[in-house]
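The values are calculated or read from the model by the stated rules, or taken from the named source; none is laboratory data. Predicted model, so just to flag it, every value in this text is computed and none were measured. Glycine also receives a Cβ, built like all others from the backbone with ideal geometry; neighbour counts cover every protein chain displayed. Quick note on the areas: whole protein, heavy atoms, side chains included, nothing else; ligands and nucleic acids left out. Shrake-Rupley method; radii C 1.70, N 1.55, O 1.52, S 1.80 Å.
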Amino acid sequence: MSGGRPRSLGGGGQHHVLDYLKRMQSENPAFFYATQPDTDHSPGGATIFWADATARMNYNYFGDTLVFDTSYRTHRYRVPFASFTGINHHGQPVLFGCALILNDSESSFIWLFQTWLRAMSGKQPLSITTDPDRFIQTAVSQILPETRHRYSKQGILRETQEKLAHIYRSHPMFETEFKKCINETETIDEFESSWQSLLQRYYVMDNEWLQSMYNARQQWVTVYLRDTFFGELSVTDGSGGLNSFFDGYVSASTTIQMLIKQYEKALASWHEKELKADYDTTNTTPVLKTPSPMEKQAAGLYTRRIFMQFQDELVETLANPATKIDDSGTITTYHVAKFGEEHKAHTVCFNSVEMKATCSCQMFEYSGIICRHILAVFRAKNVLTLPSQYVLKRWTTNAKSRAVLDEGASELPNDSRESLTVRYNNLRQEAIKYVEEGAKSIHIYNVAMDALQEAAKKVSDVKNQGSGGTQGGTLTNGSSQELHVAEDNTSATCQSVDEKQKKIRELTAELEGTNQRCEVYRANLLAVLKDMEEQKLKLSVKVQNARLSLKE
């Protein structure tokens, strides 16, 4: 990477971070952190990684595509901070873990990816986006060999501007045409032609940097990557997937003591944004633009932002008619193009038996949202509802359902710590259902609160019973090792009681925390509703004033 070595933490920064991480883990057994031993024997290690319970749970739902953001280590910031993020069902950034990389080396990145993968229960993503860095590339190829690796366009453009500063200064239009070449070309042939034309027009055919970028084109030019899911909702914005979770929270002036506070602020902010998006999706009805049953179906399936993306594609079918060009039994081939742009036609192959279609634009493969070209063919074939294979669960209101949790949990290791994490996450997920549902209205809130209080009473009753019967062979802390009955039966019974009481304390603490969060969510939603009412009132006053002005 061109950014150079990040500035040091200084001032006991590592100890500050480690103290915070130790405290968080003591409060929450599912909080994960690890440090890499440093060959220079610096306190705290060469690299520090952490992921809280929510980050690990979110990876179960949205871990199909991953962004490893190291942009804060560049010249602009020089902060030794990196994040693992993804995209949630609203198209918002979601956190999968953070790291302080104090030793910029190949071994540090390899250790970091190994540790992150262990925290995520060994589940590899389908795709990963990173800055163009040789150390990161080596780590990804070794630790995530089955994952499609993409360089972020932001990183490519940043380095291109540094390497070709003289061209950027002498030819102001170069950057615009360079971006157009990599963002707007729709086929490989079109990109190849545009690239060669660009090099010739600016006399840079022999430029070593551009040649190296061309050699790596399959890792950063969109047209080569569309056969893999990256969850990118816009293929023309040029970001290349680097949707930073911490933009606005980390800057060049951020110290390590500030970093932890900014980390927590970012978590709270994005959680609030997700909660608001959940609320908008559940409590407001989108305006339908067509009489299509498919549009009504999608409105009930997708979250609001994803539905808007789908709706745009559906409406565009009106200007993109499908023309049949070949019919060989079960497979029918169509050309789909916008009126007046037949030279940009896309090819759709439709299997009428399996109700499957593939398009040359590969939008569904790349973003998980069906394209206007396939929808135009569905319209021509009178397919009135979306076939199930074209509705990715990760984009729906049901994205965080139990099925995803069970699938992820079944792959978790069986050692004591991980089993405790599984139990904690299972309980947390069950409790959070009441929180999310209970916050939607006062009536549901009261019902959910009664249920939680009843559950707390039952747990308390069990806790007050103290000692119960114990059996030999009971598992302790989820471990696969059996608890052998000692010669002193009294000692064994006391140990069993201690284990039960410890579990009861954990459950009680979780229920109390859930009650508190429920109150917070209710307050947040009431504040949102109050704000909406105030905005309506202001608008009503403006309308009345306008009417009075017209009468005068």
Measure of compaction for the range 215-319 (Cα Rg per 2.2 N^0.38 Å) = 1.46
With respect to the cross-link table entries Lys123/Lys296; Lys123/Lys153; Lys123/Lys457; Lys179/Lys273; Lys338/Lys393, which display a Cα-Cα separation exceeding 28 Å?
-> Lys123/Lys296; Lys123/Lys457; Lys179/Lys273; Lys338/Lys393
Please report how far the C-alpha centroid of the range 263-279 lies from that of the range 65-131, rounded to the nearest whole angstrom.
-> 20
Rounded to a whole number of µm²/s, how large is the Stokes-Einstein D of the range 16-171 at 25 °C and 0.890 mPa s, given Rh as the Kirkwood radius over C-alpha pairs?
-> 149
Cβ-Cβ FRET estimate between Glu162 and Lys324, R0 fixed at 60 Å, reported to 0.05 = 0.75
Amide H neighbours of Lys356 under 5 Å, counting only residues 5+ apart in sequence or on other chains, H built in-plane at 1.01 Å?
-> Asn351
DSSP-loop trypsin sites (Lys or Arg not before Pro) across the range 266-301, with at most 14 other Cβ within 10 angstrom = Lys289
Rounded to whole angstrom, the alpha-carbon centroid of the range 313-360 lies from that of the range 19-39 at a distance of 53
Any chance you could look up the accessible area of His343 with a 1.4 Å probe, heavy atoms only, rounded to 10 Å²?
-> 150
